[in-house]
Amino acid sequence: MKKNAVFIYSPEQLGYKFSESHPFNHKRLLLTIDLLKNINALSENDIVPARMATDEEIALAHDLKYIDIVKKAGHGLLTPQQCENYGIGTEDTPIFPNMHEASALLVGGTLQAVDYVMQGKSRHALNLGGGLHHGFHGRASGFCIYNDSSVAIRYMQEKYNARVLYVDTDAHHGDGVQWTFYDDPNVCTLSIHETGRYLFPGTGNVTERGNGQGYGTSFNFPIDAFTEDESFLMIYEQALREVFEFFKPDVVFTQNGADAHYFDPLTHLYGTMKIYQEIPKLAHKLAHEYCDGRWIAVGGGGYDIWRVVPRAWSFIWTEMNDIPLPTGALPKEWLEKWQCESQVPLIPTWEDPSPLYEPIPRKAEIEEKNAQMLIKALHIIRNEKKN
């Protein structure tokens, strides 16, 4: 019997760790899993171990010389200076022991998710360890060594001849995935992100539309700093529906960065838990309308690992399994277990406190700028549909 969803995880995924002080911290996987188990939404029977991706699989989206550099760096055979042309050994992406093996396991987890869905063993699959969307063909970038999403999409194309819609709601533009498939007419990328005027990587303009045969399959929705829930969700719903209808994918692949929240220390958006309740809900609905339910989801950004990420990522799994939206108090056992490690007071409820922040004086101006951007972007999509 086909499972509703599988949860891809191995404890070894926690080995993707740059340092104790680095903002990318996969302890958020443990926090999320423990929270889901505490509400009886996740059992051991739901969990499928991640596997190690082979060099051949990683090379679907990365240069073999780059893979060799990553291996040597992780075994102490290269200095940061020797690696700097490859984006490794930088402040963002420092060298750490066994970095190839740790990265290959994150890629393999996403490939495991792909196989479960594309082979019909599960309708949906979630690998929260993945979502490293800034990795390039021969270079690391923005905490991302290998780009598991790009590898997985190429893998789906080669093994399953799939037409793939990639949806990225991370606060940072999904640049690595976009540029990988910029000239590919069978992969459509949609990214909703904080405008690059203020935030890394500085790309993701409405005018980035694809190239060659892939022209018209890249869609970007850059939103203004301090954007709140209503504006974010209005753009998300209209954009996602339009792009699904335009592209008609075989499978939808979503990257679920949880860094558009007000508490996130690296971004400037003013989202609350409301957006993380709604994002998976619409993706789920449209996956069934257009893709016979085929939905693969990965993690991504999210740097408030205590107050934001566990709650936000839990909503993806509960949605995949048609579990009613958790509300009210978080489990006492979970709060007591993790509060002693957290440097900030944990939020004790599934919902955020209200009000979460002081009213924004520029609210109307920000919403108007976002609305004008949306009109421009939707005009582009509708023109593509006509052509």
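Below is a table of values for the structure above.
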read-out	value
Residues of region 146-185 satisfying the condition of being outside any helix (DSSP H, G or I), under 15 Å from the mean Cα position of the chain (by Cα) and farther than 24 Å from Gln119 by Cβ	Asp168, Thr169, Asp170, Ala171, His172, His173, Gly174
Qualifying residue in region 223-230 (condition: assigned to a loop (DSSP other than H, G, I, E, B), buried (at least 23 other Cβ atoms within 10 Å of the Cβ) and among the aliphatic types (A, V, I, L, M))	no
Qualifying positions in region 88-106 - of a type outside the set (A, V, I, L, M), more than 17 Å from Pro23 (Cβ to Cβ) and open to solvent by 10 Å² or more (accessible area, probe 1.4 Å)	Gly89, Pro97, Asn98, His100, Glu101
Qualifying residues in region 336-380 (those that are of a type in the set (A, V, I, L, M, F, W, C) and within 17 Å of Glu237 (Cα to Cα)) - the one most open to solvent (accessible area, probe 1.4 Å)	Ile375
Where a residue in region 206-230 is in contact (Cβ under 8 Å) with a residue 60 or more places away in the chain and within 15 Å of Ser191 (Cα to Cα) and its partner, wherever it lies, is surrounded by fewer than 21 Cβ atoms within 10 Å (Cβ to Cβ) and of a type in the set (Asp, Glu), with Cβ under 6 Å and at least six apart	Gly216/Glu384; Asn220/Glu208
Yes/no for Tyr86 being in contact (Cβ under 8 Å) with a residue 12 or more places away in the chain and farther than 29 Å from Ala312 by Cβ	yes
Region 11-38, subset in contact with a helix residue (DSSP H, G or I) (Cβ under 7 Å, 6 or more places away or on another chain) and polar (S, T, N, Q), residue farthest from Pro49 (Cα to Cα)	Asn38
Pick from region 68-84, criterion among the hydrophobic types (A, V, I, L, M, F, W, C) and assigned to a helix (DSSP H, G or I), ranking: modelled with the lowest pLDDT	Cys83
Contacts under 6 angstrom Cβ, first residue in region 161-186 being closer than 18 Å to Tyr198 by Cβ, partner β-branched (Val, Ile, Thr) and open to solvent by less than 20 Å² (accessible area, probe 1.4 Å), 6 or more apart	Thr169/Ile192; Thr169/Ile279; Ala171/Thr267
Qualifying position, being in contact with a helix residue (DSSP H, G or I) (Cβ under 6 Å, 6 or more places away or on another chain) and closer than 23 Å to Cys291 by Cβ, among Ala258, Ala239, Ala162	Ala162
Flag if Val117 is open to solvent by less than 10 Å² (accessible area, probe 1.4 Å), touching a residue at least 12 places away in the same chain (Cβ under 8 Å) and either on the phi > 0 side of the Ramachandran plot or in contact with a His (Cβ under 8 Å, 6 or more places away or on another chain) (or both)	yes
Residue match in region 64-84 (condition: under 21 Å from the mean Cα position of the chain (by Cα) and either aromatic (Phe, Trp, Tyr) or within 17 Å of His137 (Cα to Cα) (or both))	no
When residues of region 1-26 are limited to those that are surrounded by 15 or more Cβ atoms within 10 Å (Cβ to Cβ) and charged (D, E, K, R), the one modelled with the lowest pLDDT	Lys3
Any hit, region 197-206, residues being of a type in the set (A, V, I, L, M), at pLDDT 95 or above, open to solvent by 10 Å² or more (accessible area, probe 1.4 Å) and over 17 Å from the mean Cα position of the chain (by Cα)	yes
Count - residues of region 17-67 that are of a type in the set (Ser, Thr, Tyr), farther than 19 Å from Val114 by Cβ and not in a helix (DSSP H, G or I)	3
Complete set of residues in region 231-253 that are open to solvent by 10 Å² or more (accessible area, probe 1.4 Å) and under 21 Å from Ala125 (Cα atoms)	Lys248, Asp250
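The values are calculated or read from the model by the stated rules, or taken from the named source; none is laboratory data. Nothing here was measured: the structure is a model prediction, and the numbers come from that model. Glycine gets a Cβ as well: all are built from the backbone with ideal geometry, and neighbour counts include every protein chain shown. Each accessible area value is taken on the protein alone, full model and side chains, heavy atoms only, with ligands, DNA and RNA left out. Shrake-Rupley method; radii C 1.70, N 1.55, O 1.52, S 1.80 Å.
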